[in-house]
Amino acid sequence: MKALLVVQEGSGAGNTFPLDPHMQSLFSMGRGAGCDIVVRDHRASRHHCDIRWNGRQWEVLDRG
């Protein structure tokens with residue numbers, strides 16, 4: 001199932017990231033340059049969470 005992640009607040013507000021499990025089923029998200037989805041927010045950690053397709057729906061997994 002295709003989805004669209006939309007940044008709601010901060011300096012990246014309005015940025016969109018298409019999520020398509022046929023193209024990629026796991027995305028990393030955080031401040032780190034190596035993340036698939038980079039957020040410019042000092043409140044986020046370098047590797048804040050993962051967004052994963054579980055075969056039925058998208059899940060957000062906190063990296064602690």
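What to note about this one:
- When residues of segment 42-64 are limited to those that are among the charged types (D, E, K, R), within 13 Å of the chain's Cα centre (by Cα) and assigned to a loop (DSSP other than H, G, I, E, B), the one farthest from Gly14 (Cα to Cα): Arg63
- If the condition is being touching a residue at least 24 places away in the same chain (Cβ under 8 Å), assigned to a strand (DSSP E or B) and small (Gly, Ala, Ser), then segment 21-41 contributes only Gly30.
- Hits in segment 41-55 - residues which are open to solvent by 50 Å² or more (accessible area, probe 1.4 Å) and within 20 Å of Lys2 (Cβ to Cβ): Arg52, Trp53, Asn54, Gly55
- Taking the criterion of being closer than 19 Å to Asp62 by Cβ and open to solvent by 40 Å² or more (accessible area, probe 1.4 Å), the residues of segment 21-40 that qualify are Ser25, Leu26, Met29, Arg31, Gly34, Asp36, Val38.
- Here Gly34 meets each of (1) modelled with pLDDT of 95 or more; (2) over 13 Å from the mean Cα position of the chain (by Cα) with one exception, condition (2).
- Screening Pro18 on (1) touching a Lys or Arg at 6+ places or on another chain (Cβ under 9 Å); (2) part of a loop (DSSP other than H, G, I, E, B); (3) open to solvent by 70 Å² or more (accessible area, probe 1.4 Å) shows it passes everything except condition (2).
- Looking only at residues in segment 1-15 that are farther than 17 Å from Glu59 by Cβ and of a type in the set (A, V, I, L, M, F, W, C), the one that is least open to solvent (accessible area, probe 1.4 Å) is Val7.
The values are calculated or read from the model by the stated rules, or taken from the named source; none is laboratory data. Keep in mind the model is a prediction, meaning the values are calculated, not measured. Don't worry about glycine lacking a Cβ; one is built from the backbone with ideal geometry, like all the others, and counts go over all protein chains shown. These accessible areas exclude ligands, DNA and RNA; they are computed on the full protein's heavy atoms, side chains included. Shrake-Rupley method; radii C 1.70, N 1.55, O 1.52, S 1.80 Å.
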